[in-house]
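First the structure, in the form of structure tokens, and then the observations on it.
The values are calculated or read from the model by the stated rules, or taken from the named source; none is laboratory data. Model, not experiment: these values are computed from the prediction. In this analysis, Cβ positions are derived from the backbone assuming ideal geometry, glycine residues included, and neighbour counts consider all displayed protein chains. Calculation scope for accessible area: heavy atoms of the full protein, side chains included, ligands and nucleic acids excluded. Shrake-Rupley method; radii C 1.70, N 1.55, O 1.52, S 1.80 Å.
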Amino acid sequence: MTKMNEKKVGIIGLGKYLPEHRLSNKDLEKIVDTTDEWITARTGIKERRIAADNEATSDMAVKAAKNALENAKLNPGDIDLVIVATITPDMFFPATACIVQNKLGINSVPAFDISVACSGFMYGIAIANQFIKTGVYKHVLVIAAEKMSSVTDWTDRSTCVLMGDGAGAAILGEVKDGGILSVYLGADGSKGDLLNMPAGGSRIPATVSTVEGRLHFLKMQGNELFRHAVKIMAEAAMKATEPLGLKGDDISLVIPHQANIRILNAVAKRMGIDPAKKLYLNIEKYGNMSAASSAVALTEAVEEGRVKKGDTILLDAFGAGLTWGAVVIKW
Ligand code: ACO
């Protein structure tokens with residue numbers, strides 16, 4: 001919560017980029033043993049975007065960042081720090097944030113990646129909030145960008161139907177009214193094996209046998225993750241809202257990480273909110289874009305007029321790690 005003398009920090013510009021190519025459930029029926037009915041009923045997803053072969057995470061990140069700069073009426077030179085939340089970086093190193101920073105032509109400002117999977121946009125907002133409210137930086141660019149298709153096993157029907165590619169970006173800065181009211185973050189490394197990409201790091205470096213064993217693709221224990229996701233997202237929502245004395249009724253709109261419509265409806269039920277009125281969903285169009293999901297969802301909620309000045313919104317996410325985070329913002 002904001003203390004006296006601290007600056008009020010808010011989101012002053014939002015942007016997004018979604019690759020052109022749409023992969024529908026019907027298209028997936030031709031790739032793996034699945035059906036449109038199964039995917040729609042079990043996940044809420046109808047289609048997802050897939051980046052082009054020559055389109056890397058940084059390319060999508062830059063487009064989302066430029067869109068956010070335009071909406072904030074700022075130039076790249078106004079940015080003091082670049083953070084990219086991603087688990088699908090262009091390469092292990094340098095950081096994708098450095099590649100983005102260079103492409104934006106702002107080569108002296110600090111830039112780094114954060115790797116907390118789907119919670120990345122929450123963690124990025126939390127870091128930006130600290131730097132701005134303490135007066136270290138004026139404008140922080142937080143980008144959440146993922147090319148999940150690059151780590152998806154297109155022979156595994158239990159995961160390939162879930163993921164999509166895209167990028168969302170937010171510029172944070174000082175605001176006169178409202179802004180970020182609370183931030184809550186958490187993690188539990190003991191459950192890291194529920195969702196991971198086993199090879200390619202220092203534990204199991206890339207070899208012919210790791211490639212043949214398909215160990216460079218995302219592996220997931222979906223059922224177990226589902227159970228944790230509902231509990232974690234509901235708890236994170238409570239931890240972010242309770243210190244402010246807010247109840248479900250006081251929240252204008254919940255904008256969650258778009259993992260699975262059944263997870264989100266269960267979270268809404270636990271929070272005592274009506275999903276039809278107060279739960280923002282765009283999972284149908286994009287699937288799970290990991291960190292990019294909540295950033296794109298917030299951008300579209302604002303574009304569609306679902307978030308109005310004075311509204312109190314809740315962002316809520318969980319992801320591999322496990323990690324989680326929730327942010328309350330007065331718009
Ligand atoms: N099409 C048809 N059938 C399928 C498919 C598919 N695409 N995938 C699985 N099935 C089958 C299974 O083989 C199983 O068949 P069986 O009963 O004959 O064994 C049956 O459907 C039921 O499988 P479940 O895994 O029990 O299905 P469930 O209802 O749990 O749905 C799902 C699976 C959608 C993956 C769900 O568990 C889920 O959404 N979990 C959470 C995933 C998640 O949020 N992951 C992202 C975390 S965020 C991040 O950090 C990237």
### Message
Quick check: from the Cα gyration tensor, does the chain come out rounded (a/c under 1.5), prolate or oblate?
### Response
oblate
## Note on the structure
Under the rule rounded for a/c under 1.5, else prolate if a/b exceeds b/c, else oblate, using alpha carbon gyration tensor axes a ≥ b ≥ c, segment 230-331 is classed as rounded
### Message
Which residue, Ala111, Pro89, Leu279, has the largest displacement toward the positive end of the dipole of the chain when charges sit on each Cβ (Lys, Arg +1; Asp, Glu -1)?
### Response
Leu279
## Note on the structure
Heavy-atom accessible area of His21, protein chains in place, probe 1.4 angstrom, given in Å² to nearest 10, is 100
### Query
Counting Lys +1, Arg +1, Asp -1, Glu -1, what net charge surrounds Asp177 among other residues with beta carbon under 9 Å of its beta carbon?
+4
### Summary
Ranked by GNM mean-square fluctuation in the chain (Cα springs under 10 Å), the top entry among Ile263, Ile204, Ile99 is Ile204
### Task
Give me the aspartates and glutamates in straight-line cross-link reach of Lys66: C-alpha distance below 17 Å, same-chain residues under 8 apart excluded.
Glu55, Asp78, Asp80, Glu146, Glu300, Glu303
### Query
Which of the trypsin sites (Lys or Arg not before Pro) found in segment 134-216 are in a DSSP loop and have at most 13 neighbouring Cβ atoms, other than their own, within 10 Å?
Lys176, Arg203, Arg214
### Query
How high is the FRET efficiency from Ser108 to Lys73, r the C-beta distance, R0 25 Å, rounded to 0.05?
0.65
### Task
Compute, for Asp193, the solvent-accessible surface of its heavy atoms (probe 1.4 Å) with the complete set of protein chains present, and express it in square angstrom to the nearest 10.
90
### Task
Rounding to the nearest 20 debye, state how big the charge dipole of segment 9-176 is about its Cα centre with +1 on each Lys and Arg Cβ and -1 on each Asp and Glu Cβ.
580
### Extension gain from Asn223 to Val136, taking 0.36 nm per residue of separation minus the Cα-Cα distance
27.0 nm
### Query
If one computes the Cα centroid of segment 254-331 and of segment 42-97, what distance in Å separates the two points?
19
### Task
Taking every Cα atom in segment 85-133, find the radius of gyration and the maximum pairwise distance Dmax, and write them in Å.
11.4, 32
### Query
Taking the Cβ of Ala97 as the center, what net charge do the other residues with Cβ under 12 Å away carry, scoring Lys and Arg +1 and Asp and Glu -1?
-1
### Query
For segment 181-330, what is the accessible area per residue in Å² when the probe is 1.4 Å?
44
### Task
Treat every Asp and Glu Cβ in the chain as -1 and every Lys and Arg Cβ as +1, leave all other atoms uncharged, and give the resulting dipole magnitude about the Cα centre to the nearest 20 debye.
740
### Query
Hey, if you put +1 on the Cβ of every Lys and Arg and -1 on every Asp and Glu Cβ in the chain, which of Leu298, Ile132, Asn288 ends up farthest toward the positive end of that dipole?
Ile132
### Query
How many angstrom separate the Cα center of segment 192-234 from the Cα center of segment 109-182?
21
### Query
Considering only protein heavy atoms and a 1.4 Å probe, what is the carbon-and-sulfur percentage of the accessible area of the chain?
53
### Message
Below 17 Å, Cα to Cα, which aspartates and glutamates can Lys247 reach? Residues fewer than 8 away in the same chain don't count.
### Response
Glu235, Asp274, Asp311, Asp316
### Query
Cα-Cα over 22 Å: which of Lys26/Lys285; Lys239/Lys278; Lys16/Lys191; Lys278/Lys330; Lys103/Lys133?
Lys16/Lys191; Lys103/Lys133
